[in-house]
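The values are calculated or read from the model by the stated rules, or taken from the named source; none is laboratory data. Not measured: the values here are computed from a predicted model. Cβ placement follows ideal geometry from the backbone for every residue including glycine, while neighbour counts extend to all protein chains displayed. These area figures cover heavy atoms from the full protein model, side chains too; ligands, DNA and RNA do not enter into them. Shrake-Rupley method; radii C 1.70, N 1.55, O 1.52, S 1.80 Å.
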Amino acid sequence: MLSASFMDKNRVFKFRIVSPQPRTRFGRFLRLVALIAVVGVFLGSASILAIYLKYAPTLPSFDSIDDYQPIVGTRIYSADNQLIGEFALERRVPVSMNRIPVLLAKAFVAAEDQRFYYHGGLDYIGITQAIIDKIIHPASKLRGASTITQQVAKSLLATHESYESATARSFTRKIREAIFARRLEGVLSKDQILYLYMTQIFLGHKAYGVQAAAEHYFRKNVWDLNLAEMATIAGLGQRPSDYSPVSNKEAARERRGYVLRRMAEEGFISDAKAKAASQVDLKVYPREELYLKVAPYFTEQVRRELVERYGEKAILEQGLNVYTAVNIEYNYYGQQAIFRGLRALDKRQGYRGSLARLKTEALREKFIRKYRDYLGLSKNETLIFNAQKNYVALVRDISNNGFIATVDVAGNIGSLPLATMRWARKPNPIIRWDTHQVMNINDVLKVGDLIVVHKVSRNNVLQYDMTPAMLAALPAAGNFFALEQEPIAQASLMAVDPRTGYVSTQIGGYNFEKSTFNRAVQACREPGSSFKPIVYSAAIDKLDYTASTIIEDKPIIFDDPDNAVRWKPGNAGQEFLGEITLRTALKDSINLPAIRVAEAVGIEDIIKNARRLGITTPLKRELGTAIGSSCTTLYDLINVYTTLSQYGRRRDVIFIRRVVDRYGNILEDQSAPTDSTLDLVSRLDRSYTELVAPKRQALDPQTDFLTVSLLKNVISEGTGIGASKLGQPLAGKTGTTNESYDAWFFAFSRNFVSGVWVGHDKKERPLGVNEQGGKTALPILVDFAGKVFKDYTVKQPTKIEQPDFSPPSGVVQATIDAETGLLARPNTIRRVRAWYRQGSEPTEQAPDKTKFNPDQDDPYRIDTPL
């Protein structure tokens, strides 16, 4: 150490050199530590900078809340804009920030990140605590310390990249997540980060975000939730499946209590409110898949069309809003009509046997226990029957000379009377079912059989035909059941408003959950006689055929020497009427006249006419096509009859009215100007678009009207007469293929077009003897239309009258003799009114049948088959 004493200039300076003190070991250690710390800080900072420079460019840009573009699925709406289905990878329903209750946000903070408003995205205190806990308890799992911001960062990375990379258990992923979290904290407010969190978070059962969760669990909007419901949703964040209020009610209740206590501890609510909310008995709903419940076949058809136009990724992620043409009520009527029609058909086809036979009492008791568990019944709980559902029953006994079977439905004993199961003969498609009814239950069932039944009342049973002995055996009280079985035949139904082209109803089968195959658009089946209007309209247009044109109904043979093939077409019943009018040939759906007409027109022109009217499927260039030998779809035939209903103007039927993206931009619009859901501007726009669009006149209006007038005879007195009970001015056509593999019926007015197909998916079995379009398909359409043609908005439902077809100019009406097609005399018994192009109406009077004419061939029609 150097020291000195300062004196004046006359004095001498004295210096003393002091030797340095030797350094201690501890001092050297401190210097080393300090040096290492400085170097460590430098290297650490450099490393952090290097890591940041390496990974920061790989992160998505996010500069404001406006950059938030969540994955949103496509929502499907009905004709009256009700939600009927969703397609999404993540079922998310974004709502604005001001719609989310502040108390719900506080519930998430209390449950997930109590220091959320104080940290900068990374909770260093939480991280330290987690590490200390791991050191103290090495066997325990490392406690998570992710903040709400980090969870948002992870979720957004998954959206921009992939779920796998954003959730991978790797050091790299944690680094990128931390950097992104800090970046979010720099550009967003805490409330904005919390909003992203509550919109992105997975909350179980395919629900992402608080609005989707509120809709799912409580069937409410998020802004309508009470405190107990908010705490329940806030408690789902960590483990949605474990805390699900649907599948784990007790765990959900405990978790809700924890969230409420934390809210009270943070001062968000009072202890009293927390206690009260923890005791609320919540009404929770299981996840409801609208897609399967409302109109599944229709919605699936819409999905296919959307995927074809926009791609599957866009449908699942881009938040499209799709407004369709389906009428929910009509679709329900159609599905119920198919249920009833196929069940009635199935009973005519016969009973295929029990589900199983349990031979021992031990097996029977075990089945009853298991079935009660399946139905969700507790030990002593009594089953409350739903009259709309079928149940599995165990046959316990057969008594009263085979008139009554005692059955056990999940521990509920009841009676199965013979009267409710007389249809249960062995299947045989070549014999009439009504002449081979069951006379004894022992011929069908045995004790121990498992069968399908549905609950009926005693009054229902009394509606069946019963002998006095059957009536005497009927118990005075108790549970009563009727024998059922699942139909094996299928059916499809479509209905269209021809003025707009809107497909109001489309049912593709008996049960969508068992078979998604849409028989309305995907099944190509032989149309039978329902194809004939295409043939006759071509003849009226090309050859000027009229209702009075005489056509031969006589046997005909076609030889093909090149292929050594002979074709001898026939009529149903193999009867031939000789010379008949075109009117009679069409209304009674006789095959040979249709073939002769097609031969006169030419098969090429028949096919051209089919294409103009709406048939898109391949058609065989053979005369058999005239009577339906070429397969087509219900969808195509609906196009044909829609065109006929509109005086020959072709209007494609549509499932989708308009598609709007998440920003409100219209991607496509096929709405009709009369669509009541459109605003005034949109209506004007659609009116102009339709006005300038080129018209497609597939058929001359006069030809079309004449064809329709003939098809009205089908309903009034022909093969479709069963539809006349509707009391509407309908036209239509039946169709039946060889051996009754397919049955069809179409009916239409100016405002309504509908068609039904019935058959088996595979051509392995016919529908049965006498199963034809007028018996099998027609009742389904009549059942459906009977509901559609009623106004249920008034106290007493009233019939909605359908407008009749008005003749276009140049068409006149004449009264003719139904048999000859000539002008009717005053004393003609079978007088009918028929329409003609002006100048083509008959001028000659029919023979006077009250006078004998020896020159007339067979004047009394002695040779005409009965």
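At a glance:
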{"item": "Added length on full extension, which subtracts the Cα-Cα distance from 0.36 nm per residue, residue 677 to residue 831", "result": "50.6 nm"}
{"item": "Selection from 847, 537, 480 lying farthest towards where the dipole of the chain points positive, charges on Cβ", "result": "480"}
{"item": "Percent of C-alpha pairs per 5 Å bin, segment 349-454, short to long", "result": "2, 12, 21, 22, 18, 13, 7, 3, 1, 0"}
{"item": "Probe 1.4 Å, accessible area per residue of the chain, Å²", "result": "50 Å²"}
{"item": "Projected area, mean over directions - segment 65-112, Cα convex hull, nm²", "result": "5.2 nm²"}
{"item": "With DNA, RNA and ligands ignored, accessible area of residue 524 (1.4 Å probe; Å², nearest 10)", "result": "50 Å²"}
{"item": "Kirkwood Rh in Å, taken over all unlike Cα pairs in segment 544-663", "result": "16.6 Å"}
{"item": "Among 349, 388, 321 the positive-end extreme of the charge dipole of segment 302-397 (Cβ point charges)", "result": "349"}
{"item": "Anisotropy class of segment 747-834 from Cα gyration tensor, a/c 1.5 cut", "result": "oblate"}
{"item": "Between helix 190-200 and the chain: long-axis angle, C-alpha atoms, 0 to 90°, nearest 10", "result": "40 degrees"}
{"item": "Net length gained if the chain between residue 457 and residue 81 were fully extended (0.36 nm per residue, minus Cα distance)", "result": "131.4 nm"}
{"item": "Cβ charges +1 (Lys, Arg) and -1 (Asp, Glu), total dipole of the chain, debye", "result": "4720 debye"}
{"item": "Added length on full extension, which subtracts the Cα-Cα distance from 0.36 nm per residue, residue 273 to residue 343", "result": "19.6 nm"}
{"item": "Descending Cα extents along the principal axes, segment 503-602, whole Å", "result": "51, 37, 27"}
{"item": "Residue 146 accessible area, assembled protein chains, probe 1.4 Å, Å²", "result": "50 Å²"}
{"item": "Loop sites in segment 633-669: chymotrypsin sites (Phe, Trp or Tyr not before Pro), DSSP, at most 13 other Cβ within 10 Å", "result": "663"}
{"item": "Shape call, segment 184-304: gyration tensor on alpha carbons, a/c limit 1.5", "result": "oblate"}
{"item": "Farthest positive-ward along the chain dipole, Cα basis, beta-carbon charges - from 551, 792, 738", "result": "792"}
{"item": "Proximal lysines to residue 347, defined as alpha-carbon separation beneath 21 angstrom and excluding residues fewer than eight positions away on the same chain", "result": "389, 426, 446, 455, 514, 762, 763, 775"}
{"item": "Helix axis angle, 361-374 relative to the chain longest principal axis, alpha carbon, degrees", "result": "70 degrees"}
{"item": "Base-10 log of normalised Debye intensity for segment 418-518 (one unit scatterer per alpha-carbon) at q = 0.24 Å⁻¹", "result": "-1.33"}
{"item": "Computed magnitude of the charge dipole of segment 546-665 (debye, nearest 20; Cβ of K, R +1, Cβ of D, E -1)", "result": "820 debye"}
{"item": "Proximal aspartates and glutamates to residue 542, defined as alpha-carbon separation beneath 13 angstrom and excluding residues fewer than eight positions away on the same chain", "result": "599, 604, 605, 700, 704"}
{"item": "Centroid-to-centroid separation of segment 713-770 and segment 500-557 [C-alpha atoms, Å]", "result": "10 Å"}
{"item": "For segment 376-433 and segment 288-314, distance of Cα centres in Å", "result": "38 Å"}
{"item": "Heavy atoms of residue 764 accessible to a 1.4 Å probe, total area in Å² rounded to 10", "result": "140 Å²"}
{"item": "Solvent-accessible area, 1.4 Å probe, carbon plus sulfur percent, for the chain", "result": "54 percent"}
{"item": "Distance between modelled label sites at residue 770 and residue 665, nm, 7 Å Cα→Cβ extension", "result": "6.3 nm"}
{"item": "Lysine pairs meeting the criterion (Cα under 28 Å, 8 or more apart or interchain), as found in segment 218-345", "result": "13"}
{"item": "Whole-angstrom gap from segment 636-676 to segment 178-236, using each part's C-alpha centre", "result": "39 Å"}
{"item": "List 793, 546, ordered by accessible area with a 1.4 Å probe, largest first", "result": "793, 546"}
{"item": "Residue-averaged 222 nm ellipticity for the chain, from DSSP H runs of 4+ at -39500 (n - 2.57), nearest 500", "result": "-10500 deg cm²/dmol"}
{"item": "Sequence of 481, 29 when ordered by accessible area, the most exposed leading, probe 1.4 angstrom", "result": "29, 481"}
{"item": "For segment 514-559, diffusion coefficient by Stokes-Einstein and Kirkwood Rh (Cα), 20 °C, 1.002 mPa s, µm²/s", "result": "151 µm²/s"}
{"item": "Rounded D (µm²/s) - segment 302-388, Kirkwood Rh over Cα pairs, Stokes-Einstein at 4 °C, 1.567 mPa s", "result": "69 µm²/s"}
